[in-house]
Amino acid sequence: MDKLKMQTKNLANENYEKLAALFPNAVTESTDENGNVVRAIDKDILMQEINCKVVEGREERYQFTWPDKKQAILTANAPINKTLRPCREESVNFDTTENLYIEGDNLEVLKLLQETYLGKIKMIYIDPPYNTGNDFVYEDDFAQDASDYIANSGQTDEEGNRLVANTESNGRFHTDWLNMMYPRLKLARDLLSDDGVIFISIDDNEIENLSKICNEIYGESNFIGRMTLLSNPRGSQNSKNLSYVHESILVYAKSSGELNIGGIKKSEESLSEFSEKDEDGKLYRLLGLRKRGGAWRKEDRPNMFYPIYVNPQNGKCSLNKDTEYCIEVIPQRPTGELSRWTWGKEKFSEEKDRLIGKPINRSGDEGAWDIFRKDYKDNPDGVEKTTKLKTMWIEKETNYQNAKNEIKALFGNSELFDFPKPTYIVSRLLTIIADKDSIILDFFSGSATTAHAVMQLNAEDGGNRKFIMVQLPEITDEKSEAHKAGYKNICEIGKERIRRAGNQLLVKDTRGGYGHCA
């Protein structure tokens, strides 16, 4: 016989779920009479959905808000009475290093860094909690003491870690995450130099909300782009309907007008395209002068439609027709439609030595010619040209399994840290942004991938980049491989990684002094 259920259904829950299914745009989070954040239905939206005319209600305006947003702004601006305590006994080259590893709440640390590093950070990279429903978020209530936090979070370490589980059923799923991120991103902006940039790794759970708060804090005009990484080619099975193979990186500048993004080295495959040599032995490839892609029509840029005359003996080009330059070439698609060149006449005159005319195979036109430009492998100073970083990363190095392999190479165990990032990702970002003596900040440093990447790149190119890592000493689960290996909290893993990576790379003075936020 089945056991009787001794509890009736929660009709309020059922009604809420029915309304949410019918009107998902009315689902929100609000505050009750006691000031607690709770799930809610926006009655103004609901009334509008069931009416045939515009319903009078709150004044409409373009904005993005959530419960306690004003409190999040206040939290960012509020002063604190804290300081950093140096830990010489744990440090390497404490008196000479310019690197920092700081244990503590990153909100407090970001405030303490304002005095020394205001406007001095060239690049910030962070990999914050993704808000999957299983993550923890920081609870920024400085009025509570450590014992209160322990009671809230269920963690009982002596540090009183300020972490609470953020499940989808707690009624403040987005609110808690936004209230955690907003003040930290606001403080981070002040630390950036005028030509500085922040990169934020994120998945699809909060990417839209993250974009909105970054647009507000950094300004929509300073949005640089979104990069998509093939992070898990096999696909994650955690999602109910889709197998996710990607994550994203949002990019915002302190001031887009001041930002100078460099390029990355060309791949071996693309370098193989530079197979031609000029009379000086310099390698080049041929690219069509005719415009491909958008705005290719003659009418789009009439001043870039003009005839070019080719000397059939050597392929040299001229704007003037004579007995030597007797082959006339106009920009024309294979279909016969008139197109345009990518250069105007002025640029043609300045760089005509880079142009060459060649006969081509064109259906129905055996005597067809086209114009090509020489694209050299190296710049005039002999330095190899770079290429723009693409918004889609599909290289095998972006596979997050590589990060596990890096952990294993250092510790002999790939399971010490959940979801580390490959150093390849951070190194690539450092290459296009940071000068060789820049300061790099990561205030969700986790396993210290950013520190490792900075040291590694310095070893490769002789740079003197400095890092600042910030991490809360979140305790490790007793059943975890990290705890079994003797690491009581995440910071112990990060610090040990920096020591081991520094020794492995044989880089002098690259390992940071350690400090506790006290």
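The values are calculated or read from the model by the stated rules, or taken from the named source; none is laboratory data. Since the structure is predicted, the reported quantities are computational estimates derived from the model, not experimental observations. Positions of Cβ are generated from backbone atoms using ideal geometry, with glycine treated the same way; all protein chains shown enter the neighbour counts. In case anyone asks, the SASA skips ligands and DNA or RNA and just uses the protein heavy atoms, side chains included. Shrake-Rupley method; radii C 1.70, N 1.55, O 1.52, S 1.80 Å.
Here are a few things to note about the model shown:
- Considering only residues in segment 13-33 that are part of a strand (DSSP E or B) and of a type outside the set (A, V, I, L, M), the one that is most open to solvent (accessible area, probe 1.4 Å) turns out to be THR31.
- Only one entry of ARG290, ARG297, ARG234 meets the criterion of being free of Cβ contacts under 8 Å to residues at least 40 places away in the same chain and either in contact with a helix residue (DSSP H, G or I) (Cβ under 8 Å, 6 or more places away or on another chain) or over 28 Å from VAL197 (Cβ atoms) (or both), and that entry is ARG234.
- Residue check, GLU384 open to solvent by 70 Å² or more (accessible area, probe 1.4 Å), over 22 Å from ILE126 (Cβ atoms) and either out of contact with any helix residue (DSSP H, G or I) (no Cβ under 7 Å at 6 or more places or on another chain) or modelled with pLDDT of 90 or more (or both): no
- Just one of the numbered conditions (1) at pLDDT 90 or above; (2) within 22 Å of ARG354 (Cα to Cα); (3) open to solvent by 30 Å² or more (accessible area, probe 1.4 Å); (4) among the hydroxyl-bearing types (Ser, Thr, Tyr) is not true of TYR284: (3).
- Options LYS240, LYS277, LYS316: the member that is out of contact with any Asp or Glu (no Cβ under 7 Å at 6 or more places or on another chain), open to solvent by 60 Å² or more (accessible area, probe 1.4 Å), among the basic types (Lys, Arg) and modelled with pLDDT of 95 or more: LYS316
- All positions within segment 461-484 that are free of Cβ contacts under 8 Å to residues at least 24 places away in the same chain and in contact with a helix residue (DSSP H, G or I) (Cβ under 7 Å, 6 or more places away or on another chain): THR476, ASP477
- Flag if GLY294 is at negative phi, loosely packed, with under 13 Cβ neighbours inside 10 Å, over 43 Å from the mean Cα position of the chain (by Cα) and small (Gly, Ala, Ser): no
- Selection of strands (runs of 3 or more DSSP E) fully inside segment 224-321 by the criterion of at least 1 residues being of a type in the set (Gly, Ala, Ser) and more than 20 Å from TRP393 (Cα to Cα) returns 246-253, 283-288.
- The one condition in (1) more than 29 Å from MET180 (Cβ to Cβ); (2) modelled with pLDDT under 75; (3) part of a helix (DSSP H, G or I) that THR8 fails to fulfil: (3)
- Conditions (1) part of a loop (DSSP other than H, G, I, E, B); (2) in contact (Cβ under 8 Å) with a residue 60 or more places away in the chain; (3) open to solvent by less than 10 Å² (accessible area, probe 1.4 Å); number of the one not met by TYR487: (3)
Here is a yes/no grid of residues against (1) modelled with pLDDT of 95 or more; (2) closer than 19 Å to PHE64 by Cα; (3) open to solvent by 60 Å² or more (accessible area, probe 1.4 Å); (4) of a type in the set (Lys, Arg):
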| site | (1), (2), (3), (4) |
| --- | --- |
| ASN170 | no, no, no, no |
| LEU178 | no, yes, no, no |
| GLU206 | no, yes, no, no |
| SER221 | no, yes, yes, no |
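- Among the residues of segment 338-374, those that are surrounded by 15 or more Cβ atoms within 10 Å (Cβ to Cβ) and either among the aromatic types (Phe, Trp, Tyr) or within 15 Å of LYS277 (Cα to Cα) (or both) comprise TRP341, TRP343, PHE348, ARG354, LEU355, ILE356, TRP369, PHE372, ARG373, LYS374.
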